[in-house]
Amino acid sequence: MTLALAEIRTIATTPFPDQRPGTSGLRKKTKVFQQPHYLANFVQSIFSSLDGFEGKTLVVGGDGRFFNREAIQIVIRMAAANGFGEILVGRGGILSTPAASALIRAEKAFGGIVLSASHNPGGPDADFGIKYNISNGGPAPEKITEAIFAHSKTIESYRIVEAPDVDLDALGETRVGEAKVRIVDPVAVYQSLMETLFDFPAIAQMFRDGFTMKFDAMSAVTGPYAKAILEGSLGAAPGSVLNGEPLPDFGHHHPDPNLVHARHLYDLAMSDAAPDLCAASDGDGDRNLVIGRGQFVTPSDSLAIIAANAHLAPGYKGGIAGVARSMPTSRAADRVAEKLKIGLYETPTGWKFFGNLLDAGKVTICGEESAGAGSNHVREKDGLWAILMWLNILAARKQSVKDIVRAHWAAFGRNYYSRHDYEEIASEGADALIDGLRAKLPGLAGKNFGALTVEAADDFAYADPVDGSVSKNQGIRVLFADGSRIVYRLSGTGTAGATLRVYIERFEPDPAKHDIETQAALADLIAIAGEIAEIRRHTGRDTPSVIT
Ligand code: VG1
Ligand code: CO
């Protein structure tokens, strides 16, 4: 059925002042997105910021959270009205963030829209989000997100096709206005990509030999992917995937695979009943948690270990070109890059800064301390990819996670690392804390705190080596003479008040000192971090709300 062009409507609207995308798209309370015109204004602002998509393909999907299906119907009708030729939608409105990236690349799409607030909770009283990805499959760079914001401040109307809802659950083609809408299997393209990167036969053999794992999809988007790949292709025992059905409210859980929200996995991994590997991913499938029997792997260590061992996986057997990490991520990966004699790039927080480095072939592996790792196979971080990489490394080395981590520390030294989050603090206090730190920066170098001396302190700025763009104010760094660091920044993904993140790191080369409990190993730096930033005074908090 083809609807006539006359069905395109132009709807008058007025701007919302708060549509500036953050670290990863626009995130707000679901009720904010449900206001009349709110989502449509932002979607129109995306399209109005882009050029040359007439007749081209747009990929659309989301993490299945509450309001996902309604939002997708709006995006489809607006994409059709704005002139896209084809709209590819994951069945059921489902596409993990890395699968959307893979689909954009495989289909040579113009771009994609992912409906997700990632690791933020979902539901009518929780969070919703939307982000735009460009043709390389990666998050829109700042130039585009700023243009979207600029449009959103002056928008007067948006275009939408008047059409009945598309049946999102039936694979196949239909039309909305002049555009073709294709409902596709959300897993297939991603799954075949994984099969090209990893040694599936070796991993399957490891499972046949009795290897056990638990993967918690946290009732979010990765359930269908994990079931198809881990239990389906690789033969992990049925029941290895926990909470494998995507639910609109994630079963009332917070789909953030960290030591607070996935505590049960940590407890399992430390118990007598521990499987060989415990793992999890977040709301939209781009984060990963890896815990071996009796051994938690910090995301920063995971990045370093993946970089050091990637050549064991068929997709990386020729070696890796370079490694990139976000600035707050520990420097464990730096020493791997040094040993491999490859480039190491330090970028601001957020995956959008890795895209240029990957496109230019400067790096193969990227990672963030916030449980994100990925490679040049897509342009997003990729939770299941990281877990498959670990499975591949375990199958190739025939050692436990614990043995691999210990051997890595023995060879490269250990970066004790922790992040302390102070969530939902008052914005005024948070801003005052950062302003106070900035004011102190010039006087910090040379100062002593206990046994530690500040070597340098600055506000991190990044000059992209590919396009020369400069991003300022990306986090306050206090660097100590012994290589320790404290980093402070405010979150760009929260939806209530402000969240202060404090990142603390100390390098320990001596293997005899690799058994200290992390918070104890960092105790003096934690105290100094509180003192320099006057955390208690500005936040009114004595302790962080989340420690990872
Ligand atoms: C957080 C993390 C950052 C990550 C971002 C998106 O941002 O710190 O490393 O890239 O979330 O991850 P912020 O600004 O709150 O610190 V996700 O899984 O939301 O796509
Ligand atoms: Co995410």
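The values are calculated or read from the model by the stated rules, or taken from the named source; none is laboratory data. For clarity, every value in this text was computed on a predicted model and none was experimentally measured. Positions of Cβ are generated from backbone atoms using ideal geometry, with glycine treated the same way; all protein chains shown enter the neighbour counts. Calculation scope for accessible area: heavy atoms of the full protein, side chains included, ligands and nucleic acids excluded. Shrake-Rupley method; radii C 1.70, N 1.55, O 1.52, S 1.80 Å.
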Item to check | Test: GLU517 is open to solvent by 60 Å² or more (accessible area, probe 1.4 Å), under 28 Å from the mean Cα position of the chain (by Cα) and under 22 Å from ASN258 (Cα atoms) | outcome: yes
Checklist outcome for this item: Per the list (1) free of Cβ contacts under 8 Å to residues at least 60 places away in the same chain; (2) closer than 28 Å to LEU259 by Cβ; (3) not in a loop (DSSP other than H, G, I, E, B), residue check on ALA310 breaks on (1)
Next on the checklist: Test of understanding: among ALA79, ALA100, which residue is within 16 Å of ligand 1 (Cβ to nearest atom) and buried (at least 24 other Cβ atoms within 10 Å of the Cβ)?
Outcome noted: ALA100
Checklist entry - Does any residue of the range 325-338 turn out to be at pLDDT 95 or above and part of a strand (DSSP E or B)? => result yes
Checklist outcome for this item: Per the filter on the range 354-389, residues within 19 Å of ALA321 (Cβ to Cβ), hydrophobic (A, V, I, L, M, F, W, C) and more than 14 Å from ligand 2 (Cβ to nearest atom) are PHE354, LEU357, LEU358, ALA360, VAL363, ILE365, CYS366, MET389
Item to check | Residue match in the range 461-481 (condition: within 23 Å of the chain's Cα centre (by Cα), closer than 30 Å to ARG406 by Cβ, in contact (Cβ under 8 Å) with a residue 12 or more places away in the chain and not in a loop (DSSP other than H, G, I, E, B)) | outcome: yes
Item to check | Residue satisfying condition, being in the same structural domain as LEU312 (by TED's automatic domain parsing), surrounded by fewer than 24 Cβ atoms within 10 Å (Cβ to Cβ) and modelled with pLDDT of 95 or more, within set ARG379, ARG419, ARG406 | outcome: ARG406
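To keep it simple, each residue is scored yes or no on (1) part of a helix (DSSP H, G or I); (2) open to solvent by less than 10 Å² (accessible area, probe 1.4 Å).
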| residue | (1), (2) |
| --- | --- |
| GLU173 | no, no |
| ARG182 | no, no |
| THR196 | yes, no |
| ALA202 | yes, no |
| TYR225 | yes, yes |
| ILE229 | yes, yes |
| ALA236 | no, yes |
Checklist entry - Does at least one position in the range 430-441 carry a residue that is under 20 Å from ALA527 (Cβ atoms) and not hydrophobic (A, V, I, L, M, F, W, C)? => result yes
Item to check | Residue match in the range 282-294 (condition: more than 16 Å from ligand 2 (Cβ to nearest atom), open to solvent by 10 Å² or more (accessible area, probe 1.4 Å) and either within 29 Å of PHE460 (Cβ to Cβ) or under 22 Å from the mean Cα position of the chain (by Cα) (or both)) | outcome: no
Item to check | Matching entry among GLY483, GLY492 (being within 16 Å of ligand 2 (Cβ to nearest atom) and out of contact with any Asp or Glu (no Cβ under 7 Å at 6 or more places or on another chain)) | outcome: GLY492
Item to check | Which numbered condition HIS261 fails, given (1) crowded, with 18+ Cβ neighbours inside 10 Å; (2) not in a loop (DSSP other than H, G, I, E, B); (3) not basic (Lys, Arg) | outcome: (2)
Next on the checklist: It is to be established whether one or more residues within the range 485-497 are away from ligand 1 (no atom under 16 Å from the Cβ), among the polar types (S, T, N, Q) and surrounded by 14 or more Cβ atoms within 10 Å (Cβ to Cβ).
Outcome noted: no
Next on the checklist: Please go through the range 445-475 and give me each residue that is in contact with a Leu (Cβ under 9 Å, 6 or more places away or on another chain) and among the β-branched types (Val, Ile, Thr), ordered by number.
Outcome noted: VAL454, VAL466
Next on the checklist: Quick check on my filter: what residues within the range 105-119 are within 14 Å of the chain's Cα centre (by Cα) and open to solvent by 10 Å² or more (accessible area, probe 1.4 Å)?
Outcome noted: HIS119
